[in-house]
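Chemist: My questions all concern the structure below.
Each reported figure results from applying straightforward, stated rules to the coordinates on display, with no laboratory input. Because the structure is predicted, anything quoted here is derived from the model rather than measured. Cβ placement follows ideal geometry from the backbone for every residue including glycine, while neighbour counts extend to all protein chains displayed.
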Amino acid sequence: MGEPVSGTLLQQNASASTEIDDLQLTIEGETRHHQDSSRRHYIYKVPDHFHKSSQQAYTPQVISIGPWHNGNKKLQKMENYKATYWKDFQQRARLTDEKISKIMKEIEEKVPACYEENRPNSDKRFAQIILHDATFIIEYFLRCRFPELQTDKDRAAITRLRAASMRLDFLLLENQLPFFIIEELYKLLLGVDEADQSRLPSFIDLTFDYFQGFNTQNHEKPGPNSDFRINHFVDLLRRFYLPRPNSSFSEKLKRPDNHDPVEGNCLSQLARSKSGNHDPVEEMYCTSQLAEAGMTFKKSESGRCLLELNFENGMLEIPGFILNKDTELCARNLMAWEQLHYPPNEEYITDYFRLLDFLIDTDKDVGLLRRKKILVNRLGDKCATIVNNLCSNNVADTPRTLYYKKLCQDLGHFYNNPWNSWKIKLRRDLSTPWVIVTTISAIFLLVLTLV
């Protein structure tokens, strides 16, 4: 690798100077946008108490992105390869030393505000890390989209196993770059006129392609005039979990009566109850307990939002889901992202996994959901334990979105219905053949006595 690619696929940029000026203006505009919209940084160090549950879930295994894990000796191999991709990008964008210095200065001035305080690098070293990591991502995403760009050296250095690990490393909260800086550096590969721009997809297009395996609802790629904005790759993953824009469930999720941070969330109250801190307002039961009460379970139709559980006429519809090591990593980083950045009434993903924690309590619950084709378990006999540990040490005891409040109440009312409670008692009393025989004999004797 190292040779510039020419032709219609990756057109050489003869107007890089103009693009550098545009980059400065765009960075300023994007920085203002993000500061105005969030009023704070959005790339965080995960708190220590999160790490207690699973250190590996927040730590890159193959590649460091951004300042937090830069310098880790275990990740040095990819640092060497970043240098190669940086040279390729320089040639492709025709960047002179003067232009590089100008880019570095803009990064030094604008990008640090996106990060939590106490960055471990000097301004110049920080800017160099951002520049090299961003251009690596650009070059790597291009090679993933266009396999003909890959060389034998690429394939030898980034094996399929390493590539799979890299994809997960890109979804760690501590391993992020501001999306806008990658996007603007990518535009240096494009010409200033529309003819040149048509030769390459947009960077958001490349990003959607790269993470398509996580886009289970088939969210549409944003068009060229879209106001679609994300902070970084973890923020995009959260978008994939949320319902499609303008869908009925999306409107229901955002409805004002689902947002009441004063009352508190039923799930928050349940979490406190489970830890023994407070009496619950509504008690929640696992799937095997609910099944004992006569509740039935059904897998929702494919393509439905993962968060959209529906309970009606004694049947709980649950969208199908897979539990594996990737699920655990994504769940932990998404919950950390929501709790560190979003207001309590928008922690939708966190509430979903909190509900899952109550529905899946033992292996019996796992087996029930598997038989109903709702759950694909790739964690083996550790599945229930891992689900129960997802929310330990990381879910703050504060009010959250009330979306699942009615669902929790309905499930609790169903279980505690006198008729359903009687059925539970009857099933337990008749749980063995000996008890059944004894009961029948007693009834028979009673009938004879009456006769």
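Chemist: Residue 102: which lysines have alpha carbons under 24 Å from its alpha carbon, excluding same-chain residues fewer than 8 sequence positions away?
Modeler: 82, 87, 110, 124, 187
Chemist: Under 18 Å Cα to Cα from residue 373, which lysines show up? Leave out anything in the same chain fewer than 8 places away.
Modeler: Cross-link targets: 298, 299, 364.
Chemist: Then there's this: If you keep only loop residues by DSSP, which GluC sites (Glu not before Pro) in region 123-232 have at most 12 other Cβ atoms within 10 Å of their Cβ? Working shown, then result.
Modeler: On the way: sites: 139, 148, 174, 183, 184, 194, 220; in loops: 174, 220.
The qualifying sites are 220.
Chemist: At a Förster radius of 60 Å, what calculated FRET efficiency corresponds to the Cβ-Cβ distance of residue 199 and residue 312, to the nearest 0.05? Could you put the intermediate results ahead of the total?
Modeler: Values: r = 52 Å, r/R0 = 0.86.
That gives a FRET efficiency of 0.70.
Chemist: If I model a spin label at residue 371 and residue 159 as a point 7 Å from the Cα along the Cα→Cβ vector, what separation in nanometres do I get?
Modeler: 4.2 nm
Chemist: Ok, one more. Which FRET efficiency value, to the nearest 0.05, do you get for residue 250 and residue 296 by plugging their Cβ-Cβ distance into 1/(1 + (r/R0)^6) with R0 = 22 Å? Provide the component values of the computation, followed by the final result.
Modeler: Values: r = 27 Å, r/R0 = 1.24.
The value I calculate is 0.20.
Chemist: Still on this structure, please answer the following. Would you mind ranking 308, 116, 251 by Cβ crowding within 10 Å, fewest neighbours first?
Modeler: Taking fewest neighbouring Cβ atoms as first place, the list is 251, 116, 308.
Chemist: Just to confirm the filter: which trypsin sites (Lys or Arg not before Pro) across region 61-92 are DSSP coil and have at most 11 other Cβ within 10 angstrom of their Cβ?
Modeler: Details: sites: 73, 74, 77, 82, 87, 92; in loops: none.
In loop regions of region 61-92 (DSSP not H, G, I, E or B), there are no sparsely surrounded trypsin sites (Lys or Arg not before Pro).
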